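The values are calculated or read from the model by the stated rules, or taken from the named source; none is laboratory data. As the structure is a prediction and not an experimental result, all values here were calculated from the model. Cβ placement follows ideal geometry from the backbone for every residue including glycine, while neighbour counts extend to all protein chains displayed. Remember, those area values only see protein heavy atoms, side chains included, never the ligands or the DNA or RNA. Shrake-Rupley method; radii C 1.70, N 1.55, O 1.52, S 1.80 Å.
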Amino acid sequence: MTEQTNPPTDAQPGHPMVKAEGVRKSFGLVEVLQGIDLEVKQGEVFCLIGPSGSGKSTFLRCINHLEKVNAGRLWVDGELVGYRQKGDKLYELKDREVAMKRRDIGMVFQRFNLFPHMTAMENVIEAPVQVGGESKGEARERAMALLERVGLADKAKNYPSQLSGGQQQRVAIARALAMKPKLMLFDEPTSALDPELVGDVLDVMRGLAEDGMTMIVVTHEMGFAREVGDALVFMDGGVVVEAGHPREVLGNPQHERTKAFLSKVL
Amino acid sequence: MNSLHKGPATPGQHEVIKAVPVRHPGRWVGAAVILVLAAMLVHAILTVPAFKWDLVGQYLFDDRILHGLLVTLELTALSMLMGVAGGILLAVMRLSPNPLLSGTAWVYIWVFRGTPVLVQLVFWNFLGVLWARLSIGIPFGPEFWSQETNILIPTFVAALLGLGLNEAAYMAEIVRGGIQSVDEGQHEASQALGMNRFDTMRRIILPQAMRVIIPPTGNETISMLKTTSLVSVIALEELFRAGQNIYSRNFQSIPLLIVVSLWYLFLTSILTIGQYYIERHYARGSNRALPPTPVQRVRGLFRGIRSKSAPRSADAAVHGGGEGGGTA
């Protein structure tokens, strides 16, 4: 892991929100990420597209250390993910320290993963109260505002099983926002939704982007990527095949694999 | 309400369906057969003089029996409490990434699940024979405090240790199954929110695991209620031993065993009802609407006979409001 000849320093001056250098990840013998280099600037909406199995979700999960990186370096807001560097040695972070860093990174999952035994309101206040040490009253007030923002103020007392997929996903977004993250990760947020419910979720995400939230979005919604995205990366086989502005990459792909993929999804 | 028809294919209001329900003649025949068999059995039991029903009635509320009943209840409650608490602790240890914790839990479960509870009971009872005094002090060094084992562990405590520690091993496996039945996404969502392992377990995983843990735990409790009769071998006067003590003097073993069995049956019935309501409580959030309780069902049946139920209005219609654009 420390084989790099020129180990970068821990804190990067004038740093991007996320920076990856030669990130590799394998599950057993399968190398899912084969050296990813990319940079996500602050306030940017960064879209990751590619066929399934291309490693885009895995990369997203590496950013908040749900997956351990095998090689390379990954920084979030100038800090190394999962490790502390002293000299040219890396020290694994304790669970507590990893959890601390995750507070600043919101994540939205394909399968929503709401807590089914809690109401929408309880889902949203759970982390602020348990992790952030906020008082229940204060957390509830903020949660109500967040639920209003995602258009679900009237569903605060409903359990997830009483909500549609689109509503669940919007509650999940509110839950992630409740920790006031500086970065939001979206892992195919609309892939499990009925087509007519996709729009509401994308509207919420569009609103977030307008407010200047840094967002990394793994998606198959090319329309969203073109309209809202500031940068786009096409991944295939664990490598970045093509990167650039969404309109350029989607409108005028340079690489054969990108062309082949886009011809199927557009 | 209004008879305005728009378009050709719009029919008027449909009347509520009043169809003849499917008949089940087989059920009526079966019920008749079972009724006759039951009548024969009851008749046989009541007419055999050896049952001595008058004695059953006489001893049912005997003070010694009632005292034994109390001990049985205490023993069941306390040992299940020990079992559940210990079981949760052991299950969480067993699933911990810390090899020291998971190894310890594994060995505990291996020993306590692998030996008969009867042997464990006798062992705890005879602990005083093995070690006459128990003490607290520096290992292999001086003692600060010591006490005679038989005073420290009277028969009731020995029974409690025997039953509770054994139960913990079984409960550990039940709890582990429950924890592992919770979707992996729940762990990920809690981790992504920055929750630590302990809070994730306490707030997210265990409450969801409860739905899977509760039914077998009810089963274990019912089983425990009857297993407490084993402590009669270490001469603790619980329900079964109380009955034994009486019939060892008056030789009326059958009536007294019936007395004891009636009490066990009564208590397990109460536990069964309790279990139903606890399961219902933990189904919250996973079912859209809770099923009616038996009381509600009976009430509904009477209401249903008087008038056919009106169609329920579909609530929670999908709210598709796209007012999601943020204004911060």
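Below, the figures for the structure above:
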read-out: Qualifying residue in segment A:146-167 (condition: within 28 Å of A:Gly78 (Cα to Cα), within 10 Å of chain B (Cβ to nearest Cβ), in a loop (DSSP other than H, G, I, E, B) and without any contact (Cβ under 8 Å) to a residue 60 or more places away in the chain); value: no
read-out: Within segment A:67-118, considering residues that are in contact with a strand residue (DSSP E or B) (Cβ under 9 Å, 6 or more places away or on another chain) and among the small types (Gly, Ala, Ser), the one modelled with the highest pLDDT; value: A:Gly106
read-out: Conditions (1) outside any loop (DSSP other than H, G, I, E, B); (2) over 17 Å from the mean Cα position of the chain (by Cα): number failed by A:Pro51; value: (1)
read-out: Set A:Asn113, A:Asn123: member being in contact with a helix residue (DSSP H, G or I) (Cβ under 7 Å, 6 or more places away or on another chain) and within 9 Å of chain B (Cβ to nearest Cβ); value: A:Asn113
read-out: Test: B:Gln180 is crowded, with 20+ Cβ neighbours inside 10 Å and either of a type outside the set (A, V, I, L, M) or within 14 Å of chain A (Cβ to nearest Cβ) (or both); value: no
read-out: Residue in segment A:213-223 that is under 22 Å from B:Ala192 (Cβ atoms), under 17 Å from the mean Cα position of the chain (by Cα) and open to solvent by 40 Å² or more (accessible area, probe 1.4 Å) present; value: yes
read-out: Qualifying residue in segment A:220-230 (condition: part of a loop (DSSP other than H, G, I, E, B), more than 14 Å from chain B (Cβ to nearest Cβ), touching a Ser or Thr at 6+ places or on another chain (Cβ under 7 Å) and in contact (Cβ under 8 Å) with a residue 40 or more places away in the chain); value: yes
read-out: Top-ranked residue of segment A:73-95 - restricted to ones that are touching a residue at least 40 places away in the same chain (Cβ under 8 Å) and of a type in the set (A, V, I, L, M, F, W, C), ranked as nearest to the other protein chains (Cβ to nearest Cβ); value: A:Val76
read-out: Members of segment B:265-301 found to be assigned to a helix (DSSP H, G or I), at pLDDT below 80 and under 18 Å from B:Gly178 (Cα atoms), listed by number; value: B:His281, B:Tyr282
read-out: Condition met for B:Thr72 (free of Cβ contacts under 8 Å to residues at least 24 places away in the same chain and assigned to a helix (DSSP H, G or I)); value: no
read-out: Where B:Leu206 falls short, out of the listed (1) in contact (Cβ under 8 Å) with a residue 40 or more places away in the chain; (2) under 27 Å from A:Gly133 (Cβ atoms); (3) touching a helix residue (DSSP H, G or I) at 6+ places or on another chain (Cβ under 6 Å); value: (3)
read-out: Test: residue in segment A:184-193 that is open to solvent by 10 Å² or more (accessible area, probe 1.4 Å), among the acidic types (Asp, Glu), part of a strand (DSSP E or B) and in contact (Cβ under 8 Å) with a residue 24 or more places away in the chain; value: yes
read-out: Condition broken by B:Glu237, with the remaining ones in (1) open to solvent by 40 Å² or more (accessible area, probe 1.4 Å); (2) part of a helix (DSSP H, G or I) satisfied; value: (2)
read-out: Search result, residues across segment A:43-56 that are open to solvent by 10 Å² or more (accessible area, probe 1.4 Å) and among the small types (Gly, Ala, Ser); value: A:Gly43, A:Ser52, A:Gly53
read-out: So B:Gly128, is it more than 18 Å from B:Thr72 (Cα to Cα), small (Gly, Ala, Ser) and outside any helix (DSSP H, G or I); value: no
read-out: Matching residues in segment A:80-98 - criterion: being open to solvent by 20 Å² or more (accessible area, probe 1.4 Å), in a helix (DSSP H, G or I) and either over 20 Å from A:Val18 (Cβ atoms) or not acidic (Asp, Glu) (or both); value: A:Asp95, A:Arg96
read-out: Single condition A:Ile173 does not satisfy, out of (1) within 18 Å of the chain's Cα centre (by Cα); (2) assigned to a loop (DSSP other than H, G, I, E, B); value: (2)
read-out: Enumeration of residues in segment A:96-110 that are more than 7 Å from chain B (Cβ to nearest Cβ), aliphatic (A, V, I, L, M) and closer than 11 Å to A:Pro189 by Cβ; value: A:Val108
read-out: Segment A:202-219, residues that are at the interface with chain B (Cβ under 8 Å from one of its Cβ atoms) and part of a helix (DSSP H, G or I); value: A:Asp203, A:Val204, A:Arg206, A:Gly207, A:Leu208, A:Glu210
read-out: Residue within segment B:197-216 that is buried (at least 19 other Cβ atoms within 10 Å of the Cβ) and more than 14 Å from chain A (Cβ to nearest Cβ) present; value: no
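Conditions (1) in contact with a Phe, Trp or Tyr (Cβ under 9 Å, 6 or more places away or on another chain); (2) open to solvent by 40 Å² or more (accessible area, probe 1.4 Å); (3) of a type outside the set (D, E, K, R), marked per residue:
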residue	(1), (2), (3)
A:His15	yes, yes, yes
A:Leu29	no, yes, yes
A:Thr58	yes, no, yes
A:Leu66	no, no, yes
A:Arg103	no, yes, no
A:Asn113	no, no, yes
